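Coordinate-derived values only; no laboratory data. Keep in mind the model is a prediction, meaning the values are calculated, not measured. A quick note on method: Cβ atoms are made from the backbone with ideal geometry, for glycine too, and the neighbour counts reach across all protein chains shown.
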């Protein structure tokens, strides 16, 4: 699809009351979804964090029962797409747990609209956690890795 046409469609969705638009043409399919404020009815399903904590032990403070705060740099997804740990199905993963990475080094691929986008480490350090599974759909801003 022509980029000018795609931009026009995006502008149309953003300036109207339309929340979603899907167009299929001979050369492909495009789906544009407008992000909006969270719906109030879905917020009623969220439970306070304290409700999820186990009952307090005698003499234990509530701070001791809370989950530890994550430390390290979180690498987040810059786009919506599909997360891949390697360049192709048979090849080795870009990084493994415990690997030391340099800033700018490729650490995964996110496929978006049939385009493979190499995601680079935005900090140097050791891969402490890999937060996504190979082939998993990811959202914009979703944590992918923790580097310490």
Neighbour-count order for 82, 8, fewest beta carbons within 10 angstrom listed first:
8, 82
Linear extension gain, residue 117 paired with residue 21, 0.36 nm per residue minus alpha-carbon span
32.2 nm
Step by step: find N for the range 97-148, compute 2.2 N^0.38 Å, then divide the Cα radius of gyration by it. What's the final number?
1.13
